[in-house]
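Every read-out reported here was derived from the displayed coordinates using simple, explicitly stated rules and does not represent laboratory data. Because the structure is predicted, anything quoted here is derived from the model rather than measured. Every residue, glycine among them, receives a Cβ derived from its backbone with ideal geometry; neighbour counts consider all protein chains shown.
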Amino acid sequence: MRYQGDWEYIRQVDAGTATDARAKFIVPKVPRVVVESEAAAKKRAAAKTPAKKAAPKKSAPRVRAAYIPKPRKSWQHGTFHGATKGCKTDCPAELEGGESCTTVRRRSMRENWRTRQAHTVVPRFEV
């Protein structure tokens, strides 16, 4: 196997000088020495030290605005929506001479039911 893939080994076998040891192609790194002038060293040291931050300016304390809830949409008595929202008994609209919320809701539900009953649909298979 080694004979097929290693060109250097093939040459050594053909020459009759082949050994079991493989050639090492790793070259050790040479440490780099950098000579720096004193002025450059001082400049580099000055760049590394962080600059002092100025004291923050005193400002007026932050005042958080009080939470003001949005006004709820008021619903009128004597409507379908009034009965849905919870007006069940002693409706002010009824006391003023109008219909109560529950009466209006029942009438509306009755009308919707009659509308659904009146709507006749012809099944597809009879067409």
*asked:* So for segment 80-120, averaging the separation of alpha carbon pairs under 8 Å that are six or more residues apart and normalising by length, what relative contact order in percent results?
replied: 39 percent
_Estimated distance in nm for a label pair at residue 47 and residue 8, the labels positioned 7 Å out from Cα along Cα-to-Cβ_ = 4.1 nm
*Whole-Hz ³J(HN,Hα) from phi, Karplus 6.51 cos²θ - 1.76 cosθ + 1.60, for segment 100-112, glycine and proline x*: 6, 4, 5, 5, 5, 5, 4, 5, 5, 5, 4, 5, 5
*Calculate the dipole size of segment 80-120 relative to its Cα centre from +1 charges on Lys and Arg beta carbons and -1 charges on Asp and Glu beta carbons; express the result in debye to the nearest 20.*
340 debye
*At a Förster distance of 41 Å, what's the computed FRET efficiency of residue 84 paired with residue 124, Cβ-Cβ distance as r, to 0.05?*
0.65
